[in-house]
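See structure below.
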Amino acid sequence: MISRKMILGGINTMGLKVFNLVAMFAVSVVLARTLGVEEYGHYVFVFTLVGLLSEPQFIGLRSLAVRHTVLNLTSATAGRMRGLFRRLWQFSFVGALISAVVLVLVALLMGDGLGENGFWLCLVGAVLPLLLGINRIRDGVLRGAGHLVAGQIPKLLLRPLFLLVYIGAAWWILAQDFSAAWAMFMQVLAALTAAFVYKYMTQKHVFAELPKAAPEYETRKWLRELFPLVLTGALLVADSRVGILLLGVLEDTAEASKFHAAFRIAEIITLAHAVANLIVEPMIARHYEAGEMEALQKKMSLVAGLIFTATIPVALIMVFAGEWLLSLFGAEFISVAPVLVILAGAHLIDASMGAVTQMLSMTNNAGEAARGMMFGLVINTVICLVLIPEIGAMGAAWGTLISTLVYKLYLVWRIHKLTGIWSTPLFLVFKLVRKG
């Protein structure tokens with residue numbers, strides 16, 4: 001059902017994901033302890049804003065790169081492949097420029113609200129979208145070409161590893177002068193390091209083996225496909241980050257930093273889901289283009305069942321060991337242990353629905369995903385606006401859980417209507433009941 005290559009790729013990617021989660025968790029703990037709650041809150045607010053501005057284009061560009069690399073990586077379409085890569089880089093540059101302008105405006109408008117180094121924090125953060133954008137495109141090209149692990153090494157292994165090294169070196173040199181702006185600068189250096197490795201990987205595994213040909217462009221077609229993908233990415237990112245940003249605005253950045261700590265720990269639950277999503281995107285594109293819907297259903301059901309099964313025990317750890325995990329950030333963070341329980345529930349709901357956004361994106365139905373996510377974002381925002389002034393981080397957590405439940409159920413239903421595929425592992429239970 002699932003090839004040996006896919007299984008090995010999944011195992012290797014799982015190992016990289018585990019390392020990445022541990023490393024990024026360590027980064028968060030180190031920064032929280034060295035910067036303090038308030039300064040760490042400034043860093044979290046700006047870093048979240050960077051993601052909100054730039055992550056949507058990354059998701060769209062990467063998905064487009066995966067899909068069209070799968071379709072165009074042949075001798076006959078080598079020119080189109082080279083044209084695609086060049087256009088994606090240009091799209092990314094425009095998006096990064098817009099993100100940078102917005103970040104500079106935020107720095108000017110907020111003034112001292114982000115600390116005495118707030119302007120430099122935003123200015124350094126404005127460099128990140130350019131580097132991360134080209135990295136995501138190269139990641140998508142490698143994944144579409146079947147080099148799943150090679151596409152993950154710079155992002156999941158090298159970037160967090162070098163980030164830890166750079167932060168440690170900066171803190172050792174600067175001591176008490178180490179600030180949120182310096183922490184952001186270390187993010188830029190780590191992304192730049194990963195960019196050089198990505199360039200080597202794509203040249204070695206993709207373009208060196210591709211026949212030389214003049215670039216061919218289908219710019220209008222790519223833009224038509226890119227728009228719903230970017231919109232979907234924007235809604236997905238906004239839904240996951242709106243709580244942090246509204247906490248920073250309605251409460252304070254210290255409360256946002258506590259919520260971010262719980263959010264970072266809860267991300268561990270998504271490990272199996274994230275790995276599976278990396279594997280299924282090219283698989284969905286191939287089976288759907290070939291009209292092999294029965295084979296696609298079998299693989300989607302198997303993957304969905306494995307995701308949900310692997311997620312349950314990790315979610316239970318969050319529930320019963322939440323206070324201890326939060327204490328690693330500092331004693332001030334233990335108060336958001338109930339928030340961690342709610343976020344664990346949200347991720348468990350997410351896992352129970354399967355790879356819904358990937359299924360829609362890879363079957364040219366990204367617009368449907370965008371509609372569902374818009375509905376979820378509106379619900380999340382309204383709940384946050386109502387509850388955050390009353391119960392702080394708990395309000396943001398409830399917004400995440402309820403919005404996740406609503407829009408994921410909608411997407412499962414739309415996938416079945418459009419493709420006949422059930423993405424949820426509950427489809428397996430239904431089949432077993434019918435056979436019984």
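The values are calculated or read from the model by the stated rules, or taken from the named source; none is laboratory data. These figures come from a predicted structure and were not determined experimentally. Because the Cβ atoms are built from the backbone with ideal geometry, glycine has one as well, and the counts that use them run over all protein chains shown. When the accessible area is computed, the model is the full protein with side chains, heavy atoms only, and any ligands, DNA or RNA have been set aside. Shrake-Rupley method; radii C 1.70, N 1.55, O 1.52, S 1.80 Å.
Points worth noting:
- Sorted from longest to shortest, the spans of the Cα atoms of region 191-326 along the three principal axes equal 56, 37, 30 Å.
- Here the contact order of region 37-167, divided by its residue count and restricted to Cα pairs under 8 Å and six or more residues apart, works out to 36 percent.
- Solvent-free Debye calculation, one equal scatterer per alpha-carbon of region 48-160: log10 I(q)/I(0) at 0.18 Å⁻¹ equals -0.87.
- In the chain the longest region clear of GluC sites (Glu not before Pro) that are loop-assigned by DSSP and have at most 16 other C-beta atoms within 10 Å covers 293-436.
- Using a cut-off of 28 Å between Cα atoms, the listed pairs Lys17/Lys221; Lys17/Lys204; Lys199/Lys221; Lys155/Lys258 include Lys17/Lys221 as exceeding that distance.
- Residue-normalised accessible area of region 297-395, given per residue in Å² at a 1.4 Å probe: 39
- Region 18-88 and region 340-407: distance between their alpha carbon centers, rounded to Å: 20
- What a 1.4 Å probe finds exposed on the chain is 68% carbon and sulfur by accessible area, rounded to a whole percent.
- Note on region 66-220: dipole from Cβ charges, positive end direction compared against Gly115, Val127, Val206; the farthest Cα belongs to Val206.
- Rel. contact order, % - alpha carbon contacts under 8 angstrom, at least six apart, the chain: 22
- Kyte-Doolittle mean at least 0.5, axial Cα span of 15 Å or more - DSSP H helices of the chain: 4-72, 78-110, 128-144, 159-174, 180-205, 219-246, 271-290, 293-320, 337-352, 366-391, 393-419
- Around His205: net Lys/Arg minus Asp/Glu count, Cβ-Cβ under 14 Å: +2
- Only helices enter the 222 nm calculation for the chain: every DSSP H run of n ≥ 4 contributes -39,500 (n - 2.57), and dividing by all residues gives -28000 deg cm²/dmol, rounded to 500.
- Potential lengthening between Thr309 and Val386 on full extension [0.36 nm per residue; Cα-Cα distance subtracted]: 24.3 nm
- Per the Debye calculation on the chain with a single equal scatterer at every Cα and no solvent contribution, log₁₀ I(q)/I(0) for q = 0.06, 0.07, 0.09 Å⁻¹ amounts to -0.24, -0.33, -0.55.
- Spin-label zone in region 122-147 - amide nitrogen under 20 Å from a point set 7 Å from the Cα of Leu158 along the C-beta vector: 128-147
- The gain in end-to-end length when the Trp324 to Phe196 segment is fully stretched comes to 42.3 nm, 0.36 nm per residue minus the alpha carbon separation.
- Only alpha carbons enter this Debye calculation for region 329-427, each as an equal point scatterer, and the log10 of I(q)/I(0) it gives at q = 0.17, 0.20 Å⁻¹ is -0.77, -0.93.
- Separation between Cα centres of region 110-140 and region 299-326, rounded to whole Å: 32
- Backbone N atoms of region 210-240 closer than 15 Å to the 7 Å Cα→Cβ label point of Val101 are not found in any residue.
- Proximal charge balance of Pro215 [Cβ under 10 Å; K/R count +1, D/E count -1]: +3
- The slack between Ile317 and Ala290, meaning 0.36 nm per residue of separation minus the straight C-alpha distance, is 5.6 nm.
- Straight-line cross-link partners of Lys408 among the aspartates and glutamates, defined as a Cα under 13 Å from its Cα and at least 8 positions apart when in the same chain: Asp239, Asp350, Glu368.
- Computed FRET value (nearest 0.05) for Ala169 with Phe227, which takes r as the C-beta separation and R₀ as 41 Å: 0.45
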